[in-house]
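Report on the following structure.
The values are calculated or read from the model by the stated rules, or taken from the named source; none is laboratory data. Every value quoted in this text rests on a predicted model; they were computed, and no experiment measured them. Reconstructed Cβ throughout: ideal geometry from the backbone, glycine too, with neighbour counts over all protein chains shown. Surface areas here come from the heavy atoms of the whole protein model, side chains and all, with no ligands, DNA or RNA. Shrake-Rupley method; radii C 1.70, N 1.55, O 1.52, S 1.80 Å.
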Amino acid sequence: MQAVNASPSREPVTVPEIEVVNDFSIHVATVNGSGSQSSNLVLLRALFEMGIPVSGKNLFPSNIAGLPTWYTIRASKFGFTGRKKEVDFLVAMNPQTAHEDVQSLEPGRAVVYDEPLGLDALRNDLSFYPVPFDPITAAVCPQPKLRKLVRNMVYDGVLAALLDIEMEEIRKGIEKQFATKPKAAELNWNAARAGFDWASENLAKRDPYRLERMDGNKGKIIVEGNAAAALGAVFGGVSVITWYPITPSSSLAEAAQGYLNRFRIDESTGKATFAVVQAEDELASIGMAIGAGWAGARAMTTTAGPGVSLMSEFVGLAHFAEIPVVLIDVQRMGPSTGLPTRTSQGDFLSAATLSHGDTFHPMLIPATPEECFEFGAKAFDVAERLQTPVFVMLDLDLGMNYWTADKFDYPDWDIDRGKVLSEEDIERLQGDWGRYRDVDGDGIAYRTTPGNRHPQAAYFARGTGHDEDANYSEREGDWIRNMDRIQKKMAGARKWLPEPVIEDGPKARVALVAAGTSHEAVREARSQLRLEYGFETAYCRVRGWPFSHATEKFIAEHDHVYVVDQNRDGQLRTLLRRQFPAIHDHLRSVCYYGGMPLDARTITDAIVEREEL
Amino acid sequence: MSTATATRAKAPVSNRIGLGLEPYRGLKTTLCAGCGHNSISERIVECFFEMGIDPTQVIKLSGIGCSSKSPAYFLSMSHGFNSVHGRMPAVATGAMLANKQLLALGVSGDGDTASIGLGQFVHMMRRNVPIVYIIEDNGCYGLTKGQFSATANLGSTAKSGIANDLPPIDTCGLAVQLGATFVARSFSGDKKQLQSILKAALAHRGTAVLDVVSPCVTFNDHVGSTKSYKYVRENKVPLQSIGFVPHFEEIHLQEDFAPGTVHEVEMHDGSMLRLEKLEEDYDPTSRLTALDRIELATEQGQILTGVLYVSTDQPSFTEILNLDDVPLAQLGQDRLRPPKSALDTVMEELA
């Protein structure tokens, strides 16, 4: 990109008449590994502490250091914290991407940039704020080696000056960020203050964006979905976690390990009431989890799409041998290695029927950190109740980004271990029991776990054909009976899964169905459709698969139902069509598969076009 | 089966925990008549019975293949798991995490162990997972009609006459190198040696790898095969004459051994493994000695049998993880779910 390619045809920027308060996006472009994550988190936390509904999304490369990375902070007084497609306030710290970043802005936006980049020559319809980051940093950081790491904290101070962020909150954010490193905290605070002082003295405000304290975060927390799901597992009573490192799920297992070390080591003996094992691969991590589930632990593994693919054969075994296990899939963009650091909902289809033969795996699909916590706990109950693998479907956006959430409610339900026979039970039955007998008519049989001391407790778990008493069988009748019983069990699975959340109104002819992180974008898109087009929509957010009767009824009641998918092929829609073939012609698709967190405008535009609004 | 009948006739009515032989038996085998695996199953029945192990506290696991069918043929009172090809080690590891009080017996084949499951086999040993892992090693894939496995020797021929052109993976060499703490090789046709080794393995806490050469009578018992009954009988070289005295029996000094001719190992449960040396310099507690001798055996076409390596002072995986005294599978809600105050603390930190 040549600097002479400015856009003279655009209207020059003028001093704005209308202020934009607490409703815009800040987009920070930096180089991966340059310490920008700390500066961005401090900024995010400062806005949060000022009571402004806020979200932070890290758009990062598959790289440790050197490649471009962006962090986008969305402030929204209306509480819309999905990604905003348009960038309002750009902080251009990365020479590699600065020109392209600036050229892609809408007119009237603002740019803070490193002065030597000379970005103001590119366009005349933006508010430019050149900042000499190097001299400012050098003045407060005598050691040249450390300058690279604190340089980014200078822009926090600059933004505080330009956007009215309270410096006191920046200070508190730095203290929290560097809680264990007081020297680093002091150095960073000096850098932020230097940025603030320099900007206050040298920059004249020329853009409309401003932040002010409000009361939007009372009782709220900031948390990543992965940490929330990990906490859920811990409070759900997980006892064995086996995993293999893979983006974007690694931080879930690591967070769980951290919480378990804090809360699940017996104070008197110093011994652990859990085991966390980093396996040699996903073949082993799922195998260990299944072995543990079979032997009576509350077992889980965490992974992403490529790991799910590797787990396929084992998950089929667990489905067929009827062994409880929880799989948390933090979805990323595939196929293949795909975009390992970008988000997607591309595993719905593969997870739902993973493995060969007729297979079926219930899914829980959280959309918020609160649901990550709740479903992360409940998934164990569902798995043990149904004696089967259960998937919890997060995605990278939910798992790795920071979200504001309500404080999590302590579980008010008892742990459900499902149908497990004790020594006394077997004695009472006089040994007359069979592992795969449908005693209760719900397709769910009774199991025993190894170590049960009753001489008639043992059974032989196997992936081969078996009869009701777990004996090897190739008989046609045994096979069909068993397959039909499992189907009956799965038909009843919805009873144990979370119901959809439905928002309907008498005027809404058109509806949306979505799952997971599409939620924030759908919420905002519905508001856009209402405010900009006077168009009312109904909304059903599914939270479990198989889908509930309420979802079927909802679809039947609306002529056009737009199913929002974060994948190319409409995987959520495919699952709906499969389960509800009679009403499949109501379903339409809105698919986004670019790897960014879904934004509202993409949905709004698609519906406006299709509905000819 | 004739040997089983013989065992039945000889065996005492009940063992030290009051059980007869029956609970240690399984279903009738469906493997070929004369299959080495059937002999191993018989040794398992005898040894578990004679050691007085509570079968309800045993788990028997396998992968896929002829060998992996065999857990159905012994220990009917034990929970069993016939898992997927080559990945029994992971299932066994998980089960032992869930309930560390169980005794895990893994039965696998050479296809399971040395090919599709090599990664799992290696990492199980590296962790020193407490398990007795038997490789029923016949050098071929019996259930898919006789293809070479990765333990087939260079130059060994298939039934069709084709010679194997790749070198073998020595599972015992791998085991010694990668952290298994009890490594032995035996022959399904050597009843006495296999019994002693198996009993010692049952007294061990950690990964015990038993590579038992077990001829496939249907696909690999011909002239030219190095895993045939005839070849093994002619080429096996025992390292020791092995005696095993279980902890619940008194140790009698039977005879005076010349100094340095017997190596005694006290097992975890107090049992005594007595290795009467047939090779003067062999020290089964030395990895270096073991690896050296295994290499030499390969060079000379010997099938080296006996206890190749034993170490009783390594922590097992469940010990490394410092697991609670109560098996994880048996913990109640009061121990599994932290109190509300714990959640409150985290919520304060995140606010």
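Grab the Cα-Cα distance for A:K181 and A:L613, subtract it from 0.36 nm times how many residues apart they are, and report the gain in nm with one decimal. Numbers along the way, then the final one.
Values: separation 432, 0.36 × 432 = 155.52 nm, distance 5.59 nm.
Gain on stretching A:K181 to A:L613: 149.9 nm.
For region A:223-406, what is the relative contact order in percent, using Cα pairs closer than 8 Å and at least 6 residues apart in sequence?
31
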With all protein chains in place and a 1.4 Å probe, A:Y533 shows an accessible area in Å² (nearest 10) of 90
Computed on Cα atoms, the radius of gyration and Dmax of region B:2-320 in angstrom are 18.2, 53
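If B:C66, B:C172 are ordered by their accessible area, calculated over protein heavy atoms with a 1.4 Å probe, which sequence runs from highest to lowest?
Working: B:C66 30, B:C172 0 Å².
The ordering from most to least exposed comes out as B:C66, B:C172.
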Going residue by residue through region B:172-185, the Karplus relation 6.51 cos²θ - 1.76 cosθ + 1.60 with θ = phi - 60° gives ³J(HN,Hα) values, rounded to whole Hz and with x marking Gly or Pro, of 6, x, 4, 4, 5, 5, 9, x, 4, 9, 8, 10, 9, 10
Hydrodynamic radius by Kirkwood for region A:142-290, inverse mean 1/r across distinct Cα pairs, in Å, is 19.1
From the cross-link list A:K378/A:K489; B:K145/B:K236; A:K183/B:K340, the entries with a Cα-Cα span beyond 24 Å are B:K145/B:K236; A:K183/B:K340
Working note, the protein assembly as shown: Cα radius of gyration (Å, one decimal) and Dmax (Å, whole number) are 32.8, 107
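How long are the semi-axes of the ellipsoid equivalent to region A:223-406, from square roots of 5 times the Cα gyration tensor eigenvalues, in whole Å, largest first?
Details: eigenvalues 98, 81, 41 Å².
Taking √(5λ) for each Cα gyration eigenvalue gives 22, 20, 14 Å.
What 222 nm value per residue comes from the helices of chain B, counting each DSSP H run with n ≥ 4 as -39,500 (n - 2.57) and dividing by all residues, nearest 500 deg cm²/dmol?
On the way: 12 runs with 109 residues, N = 351.
It comes out at -9000 deg cm²/dmol, rounded to the nearest 500.
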With the dipole of region B:2-320 defined by +1 on each Lys or Arg Cβ and -1 on each Asp or Glu Cβ, the option from B:I251, B:A72, B:S196 whose Cα lies farthest towards the positive pole is B:A72
Long-range amide H partners of B:V213, meaning residues 5 or more apart or on another chain whose placed amide H is closer than 5 Å, are B:D137, B:S186, B:F187, B:S188
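Would you mind calculating the relative contact order of chain B from Cα pairs under 8 angstrom and at least 6 residues apart, reporting the percent as a whole number?
On the way: 701 pairs, mean separation 52.7, N = 351.
Worked out over chain B, it gives 15 percent.
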For A:K77, counting only lysines whose alpha-carbon sits under 23 Å away and dropping same-chain residues fewer than eight positions off, the answer is A:K57, A:K85, A:K172, A:K205, A:K218, A:K220, A:K407
Expressed in nanometres to one decimal, the distance between label points 7 Å along Cα→Cβ at B:L118 and A:A65 is 3.6
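From the Cα trace of region B:181-221, what convex hull volume per residue do you get, rounded to a whole Å³?
64
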Residues whose built amide H sits under 5 Å from the amide H of A:A511, excluding neighbours closer than 5 in sequence, are A:A538, A:H560, A:V561, A:Y562
For region A:344-477, the dipole about the Cα centre with charges only on Cβ (Lys and Arg +1, Asp and Glu -1), to the nearest 20 debye, works out at 440
Looking only at aspartates and glutamates whose Cα falls under 20 Å of A:K145's and that sit 8 or more positions away or on another chain, we get A:D114, A:D134, A:E186
Between B:A351 and A:D504, the two model label points (7 Å from Cα along the beta-carbon direction) sit apart by a distance in nm of 3.9
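Find, among the GluC sites (Glu not before Pro) in region A:238-294, those assigned to loop by DSSP (not H, G, I, E, B) with at most 13 other beta-carbon atoms within 10 angstrom. List each step's numbers first, then the result.
Numbers: sites: A:E254, A:E267, A:E280, A:E282; in loops: A:E267, A:E280.
Those satisfying the criteria are A:E267.
Answer rounded, prolate or oblate for region A:20-210, using the Cα gyration tensor with square roots of eigenvalues a ≥ b ≥ c: rounded when a/c is under 1.5, else prolate when a/b is larger than b/c, else oblate.
Numbers: a/c = 1.33, a/b = 1.15, b/c = 1.15.
Cα axes put region A:20-210 in the rounded bin.
What share of the DSSP beta bridges in region A:501-610 is antiparallel, in percent to the nearest 5?
Antiparallel: roughly 15 percent of the beta bridges in region A:501-610.
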Taking a straight Cα-to-Cα line shorter than 21 Å from B:K28, and setting aside same-chain lysines fewer than 8 residues away, one finds B:K10, B:K60, B:K69, B:K191
With -39,500 (n - 2.57) per DSSP H segment of 4 or more residues and division by the full residue count of chain A, the 222 nm estimate, nearest 500 deg cm²/dmol, is -11500 deg cm²/dmol
Expected vector for region A:190-200, Karplus 3J(HN,Hα) from phi with 6.51, -1.76, 1.60 and θ = phi - 60°, integer Hz, x for Gly and Pro, equals 4, 5, 4, 5, 4, x, 5, 4, 5, 5, 4
Sequence order, region B:229-236: Karplus ³J(HN,Hα) from phi using 6.51 cos²θ - 1.76 cosθ + 1.60, θ = phi - 60°, Hz rounded, Gly and Pro as x, gives 3, 5, 5, 5, 4, 7, 10, 6
One would report the antiparallel percent of DSSP beta bridges in region B:2-320, rounded to the nearest 5, as 40
Ignoring ligands and nucleic acids, A:K378 exposes an accessible area, probe 1.4 Å, in Å² to the nearest 10, of 70
Treating only Lys and Arg (+1) and Asp and Glu (-1) as charged, each at its beta carbon, one finds that region A:508-613 has a dipole about its Cα centre, in Debye to the nearest 20, of 360
Under the 7 Å Cα-to-Cβ spin-label approximation, A:Y533 and A:D585 lie apart by a distance in nanometres of 2.3
Counting sequence-distant residues (5 or more places) and residues on other chains, those with an amide H built under 5 Å from that of A:V276 are A:I241
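So if R0 is 51 Å, what FRET efficiency would A:R206 and A:Y472 give, r being the distance between their Cβ atoms, rounded to the nearest 0.05? Kindly include the intermediate steps, with their values, before the conclusion.
Working: r = 79 Å, r/R0 = 1.55.
Efficiency, from the Cβ-Cβ distance: 0.05.
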Candidate cut points under trypsin sites (Lys or Arg not before Pro) in region A:124-229, DSSP loop plus at most 15 other Cβ atoms within 10 Å of their own Cβ, are A:R206, A:R213, A:K218
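Output the antiparallel fraction of DSSP beta bridges having both residues in region A:20-210, as a percent to the nearest 5.
On the way: 15 of 30 bridges.
Counting DSSP beta bridges with both partners in region A:20-210, the antiparallel share is about 50 percent.
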dims of region A:501-610, Cα set, principal axes, largest to smallest, nearest Å -> 35, 33, 23
Rounded to the nearest 10 Å², the 1.4 Å probe accessible area of B:L103 is 40
Quick note, region B:245-351: a/c under 1.5 would make it rounded; otherwise a/b > b/c is prolate and the rest oblate (a ≥ b ≥ c, C-alpha gyration tensor); here it is prolate
Those trypsin sites (Lys or Arg not before Pro) from region B:88-193 that are DSSP loop and have at most 10 other Cβ neighbours within 10 Å turn out to be B:K145
